[in-house]
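The values are calculated or read from the model by the stated rules, or taken from the named source; none is laboratory data. All figures in this text were calculated on a predicted structure; none of them were measured in a lab. Ideal geometry is used to build each Cβ from the backbone, glycine not excepted, and the neighbour counts take in all protein chains shown.
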Amino acid sequence: MPLSDRENYLRNARFQGPEWVPMNVSISGASWNQLREGLEDVLVRHPWLFPGFEKGKRDYDHWDPGPAHRAGKRFTDAWGCVWEAAIDGLEGVVVEHPLADWEALDSWRPPDPLLTADRGPVDWAGARGNVARAREAGALTSGGLPHGFLFMRLTYLRGFENMMLDFATGHPRLQELIDLLVDQNMTIVNQWVDMGVDVMNIGEDLGTQTSSIIGPHTFRRWIRPGYEKLIAPCAERGIPVALHSDGYIMDLMDEFRIAGVNIINPQDLCNGIDALAREVKGHFCIRLDIDRQTVLPFGSREDVRALIEEEVRKLGSRQGGLEMICGIYPPTPAENVDALLEAMRDFRTYWWDGRAPV
């Protein structure tokens, strides 16, 4: 009898011998707006990943990109950060920082996580109901923190240059702000832990194209203690923690391991497939973020297939430890989305269907 999606996912995350590589593709609002019906034609050809998808359900002339995703319309979040987007469907950047002056911290307060999420009200009762129904149906359940929950939140509140100077100089109020953010996030973590979710997702972008934004020493001094506190309740309950980060993060892998991260979500070509195979494979379950900068948007169909095959061969194993995700963003054409989905379908069982070397 084949494994359920939930059983396969958890066995893969724990290196306990899954039956396929878990795979997921998410499509940005900007790509939906760009590709429209052409993208719908692709998705109906791949029910293995988009079961039940029906054409004609999206209204492209009256869609809401969501808070901080509407071009030219500023949005103030629950923390007092002002966001501005340049393209409909792509998240913008913070352009006004409520704690640019440290004196503002005396009167500033974070949102109550039991009532308010970053960009609107939170419904914890509804979340509990959703988790319970998913569990009853045998589906994988997950919880998580908002993207940018600690390091990035500091830059949103203080401004990037201010924050870098704070790290460098060890500003006397920096730890005070970090502790406040960790306490706020801990309330959210405890909600999900109390629900008994299968996986906890945390994420923020810690890398540039060629290096981590802060080095291991700075991360160890200011950020890792917060990660350790937030991960501890999950570890106590045996809930694997998955950490996402865009950018080059190879220099921080040891810090993530010590903090208690179980699943790491790095970008593939930015960090290097061979480097990930050499330094990360086997130490974490790798939730590989498939290239969205070169091969997927600009490569040929053959290029896309070759990339997926290389990654499955080099980073996968019969024991598991590899999952693959991909975000679709402009200017990726519909043809390459189709090539991606076809390749993912064809190689998801590579390690278990007789093709892999003995």
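For residues that are of a type in the set (Gly, Ala, Ser) and over 20 Å from residue 308 (Cβ atoms), scanning just the stretch 245-282, find the one that is surrounded by the most Cβ atoms within 10 Å (Cβ to Cβ). This residue is 245. Residues that are in a helix (DSSP H, G or I) and of a type in the set (Gly, Ala, Ser) were ranked within the stretch 327-358; the one that is nearest to residue 288 (Cα to Cα) is 343. With the structure loaded, tell me whether residue 334 is in contact (Cβ under 8 Å) with a residue 60 or more places away in the chain and over 17 Å from residue 22 (Cβ atoms) or whether it fails that test. Yes; evaluated as a whole, the condition is true for this residue.
Are any residues in the stretch 48-90 under 16 Å from residue 152 (Cβ atoms) and in contact with a Ser or Thr (Cβ under 8 Å, 6 or more places away or on another chain), and if so, which ones? 78, 82, 83, listed by residue number. Looking only at residues that are part of a helix (DSSP H, G or I) and among the charged types (D, E, K, R) in the stretch 199-222, which one is surrounded by the most Cβ atoms within 10 Å (Cβ to Cβ)? Of everything passing the filter in the stretch 199-222, 220 is surrounded by the most Cβ atoms within 10 Å (Cβ to Cβ). Candidates 186, 164: the one that is within 30 Å of residue 292 (Cα to Cα) and hydrophobic (A, V, I, L, M, F, W, C) is 164.
With respect to the numbered conditions (1) buried (at least 23 other Cβ atoms within 10 Å of the Cβ); (2) closer than 23 Å to residue 261 by Cα; (3) over 20 Å from the mean Cα position of the chain (by Cα), which one is the sole condition not fulfilled by residue 304? (2) is the only condition that residue 304 fails. Of all residues in the stretch 264-306, which are in contact (Cβ under 8 Å) with a residue 60 or more places away in the chain and touching a Leu at 6+ places or on another chain (Cβ under 6 Å)? Within the stretch 264-306, none qualify. Only one of the numbered conditions (1) out of contact with any helix residue (DSSP H, G or I) (no Cβ under 7 Å at 6 or more places or on another chain); (2) over 26 Å from residue 288 (Cα atoms) is not met by residue 88, and that is (1). Considering the stretch 1-46, the qualifying helices (runs of 4 or more DSSP H), each wholly inside and each with 1 or more residues that are among the hydrophobic types (A, V, I, L, M, F, W, C) and either under 23 Å from residue 331 (Cβ atoms) or at pLDDT below 95 (or both), run over 29-35, 37-43.
Of the helices (runs of 4 or more DSSP H) that lie entirely inside the stretch 69-171, those containing 3 or more residues that are surrounded by fewer than 16 Cβ atoms within 10 Å (Cβ to Cβ) and within 23 Å of the chain's Cα centre (by Cα) span 124-136. State the number of residues belonging to the stretch 144-192 that are acidic (Asp, Glu) and either more than 23 Å from residue 246 (Cα to Cα) or in contact (Cβ under 8 Å) with a residue 24 or more places away in the chain (or both). The number of residues fulfilling the criteria is 3.
Test residue 309 against the criterion of being within 24 Å of residue 45 (Cβ to Cβ), surrounded by fewer than 18 Cβ atoms within 10 Å (Cβ to Cβ) and either in contact with a Lys or Arg (Cβ under 6 Å, 6 or more places away or on another chain) or in contact (Cβ under 8 Å) with a residue 60 or more places away in the chain (or both), and give yes or no. No; evaluated as a whole, the condition is false for this residue.
Exactly one residue out of 347, 284, 298 is in contact with an Asp or Glu (Cβ under 7 Å, 6 or more places away or on another chain) and aromatic (Phe, Trp, Tyr): that is 347.
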